[in-house]
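Have a look at the structure below, then the notes.
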Amino acid sequence: MKCQVKRQTLGALLCGVVLGGLLVSQWKFIMPTTHAAQEQAPAQAQQPPQVQTPGQPPAAPETPAQMQADIARLNQIAVDQDHTMIDVGYHFTNLWFAAKQGNWPLAAFNFAEARKHIQWTVDIHPVRRLGEPVDLVPIWDSIRNGVLVSLKASIDQKDEAKFESTYKQTLTACWTCHQASHLPFLHPVVPTAPAQTIISFDPLPAE
Ligand code: HEC
């Protein structure tokens with residue numbers, strides 16, 4: 001055990017030495033401008049190298065305040081839960097029509113996309129903090145490991161009757177999460193029209 005730990009430490013050390021050596025030897029290729037400048041001005045050799053765009057003054061390292069501003073900006077432009085949920089609505093609608101037309105591969109595709117986008121929604125804000133905080137994780141876990149497993153099985157078994165009943169049960173489960181999220185007016189119902197018409201719902205002749 002001790003020996004193994006030692007070997008790992010030694011391995012990590014060696015790796016560090018090799019990588020460090022490589023970096024030093026390749027530095028002048030990675031940073032030709034900086035390297036040349038350092039050779040001409042040895043007094044500045046102690047300064048950390050900076051990435052420099054030709055014709056531009058060298059960029060100063062980011063201050064903590066600038067980094068915080070960057071994070072705030074990235075948060076602002078990051079995709080939010082409404083976008084991922086619109087996708088869920090889209091795929092879950094198409095799932096209904098694919099299964100109703102017996103196009104089970106298309107149904108399986110739409111099922112997987114819908115599930116992935118609910119997961120994404122939860123990953124974006126596991127706890128919603130608009131008003132009273134709502135922890136979406138346990139709600140999603142019970143749906144994911146419950147009714148969604150049955151729905152997937154009905155698709156795999158190409159069982160239309162089972163599909164129809166579990167699809168409706170899932171819609172109720174969707175609503176449970178909306179209600180918990182203080183959004184009871186988002187009440188999913190069986191769709192009456194497909195969300196798109198560019199992909200055919202007809203099963204391929206070979207199937
Ligand atoms: C884990 C919780 C959760 C589950 C499960 C869930 N949703 Fe949602 N859904 C939300 C939240 C939260 C919003 C509001 C997002 C926002 O606008 O901030 C939402 C919004 C929506 C919207 C409205 C999107 C818009 O902006 O127009 C639709 C459509 C939707 N969900 C469909 C579904 C369907 C269909 C299911 C089930 C297959 C489902 N949702 C399951 C949490 C969930």
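None of the figures in this text is laboratory data; all of them are computed from the coordinates on show. Note that the structure is a prediction, hence the values are computed from the model and not measured. When we count neighbours, we look across all protein chains shown, and the Cβ atoms used for this are built from the backbone with ideal geometry, even at glycine.
General observations
- Förster radius 22 Å - calculated FRET efficiency between R129 and R73, Cβ distance, rounded to 0.05: 0.65
- Report note on the peptides 134-147, 112-125, 85-98: ranked by the mean count of other C-beta atoms within 10 Å, highest first, their order is 85-98, 112-125, 134-147.
- 3J(HN,Hα) from dihedral phi, the stretch 63-68, Karplus parametrisation 6.51/-1.76/1.60, rounded to Hz, x for glycine, proline: 7, x, 5, 5, 4, 5
- Peptide packing: for 64-76, 151-163, the average count of neighbouring Cβ atoms within 10 Å per residue gives the ranking 151-163, 64-76, highest mean first.
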